[in-house]
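Throughout, read-outs are computed from the coordinates displayed, never taken from laboratory work. Not measured: the values here are computed from a predicted model. Here the Cβ positions follow ideal geometry from the backbone for every residue, glycine too, while neighbour counts run over all protein chains shown.
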């Protein structure tokens with residue numbers, strides 16, 4: 001497969017409702033996010049198109065829809081954005097189409113992404129963004145009205161329950177999580193690497209960070225609900241738009257995370273203060 005662009009029509013689908021042998025175990029607290037901050041992801045965002053894939057260790061390929069990510073918000077995206085409440089945090093915002101659309105609609109919205117290229121693209125589209133991992137300290141923790149996990153980002157870290165727990169720390173009590181899942185009911189945790197169909201899929205990546213593989217998850221709505229229920233989440237809406245399944249979850253107001261309980265004195269802080277106006281180094285980035 002080296003040096004060729006695989007034909008999407010002959011891709012072998014991932015096993016459904018099974019755990020791949022190269023499975024990540026729950027509890028991956030701080031996964032390596034280096035691959036998303038470098039080539040070939042950055043190249044695809046700069047070009048505005050793929051090919052770009054997640055390549056599993058057994059050679060299975062998942063196409064990534066870079067063209068859609070780099071475009072404007074489509075009808076399926078809008079079906080999720082219309083449900084947003086209060087200030088919105090978009091985890092893994094990519095090139096920023098959702099953050100830009102929310103800003104245009106008058107929402108206070110912040111995107112986070114580990115890719116410098118993605119953050120820069122978000123700024124150019126009029127959105128606000130930080131170059132951060134979801135597992136880094138973030139502004140407004142415990143005070144966001146809505147958190148978005150769209151475009152497969154429920155798979156970040158390869159540990160859906162761990163990501164749900166982190167999301168709960170970010171949301172205000174009673175806040176809303178809107179996640180895009182996959183269809184049908186899949187619960188898969190694997191190791192993958194980014195692959196553009198041109199560079200050899202094996203060997204060290206261009207950053208020197210090992211072999212470039214990182215943990216990832218693909219889950220359907222039923223699997224997500226199974227992970228969410230024990231920690232006090234309950235579904236408030238489920239829908240499919242243009243073939244893309246979504247679920248909205250809300251956590252019981254009586255269930256508080258450690259960070260929320262410890263930060264009671266700051267619970268009235270204004271989220272708008274978390275949108276700085278200057279960019280520098282590792283400082284928060286925002287549109288002018």
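Key figures
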| item | result |
| --- | --- |
| Least to most buried among 52, 165, 148 (fewest other Cβ within 10 Å first) | 165, 52, 148 |
| Whole-angstrom gap from region 223-239 to region 80-107, using each part's C-alpha centre | 22 |
| Per-peptide average of other Cβ atoms within 10 Å, ordering 101-107, 152-158 highest first | 152-158, 101-107 |
| Fewest-first sequence of 251, 68, 198 by Cβ atoms within 10 Å of each Cβ | 198, 68, 251 |
| Ranking of 57, 221, 181, 122 by count of other Cβ atoms within 10 Å, fewest first | 57, 221, 181, 122 |
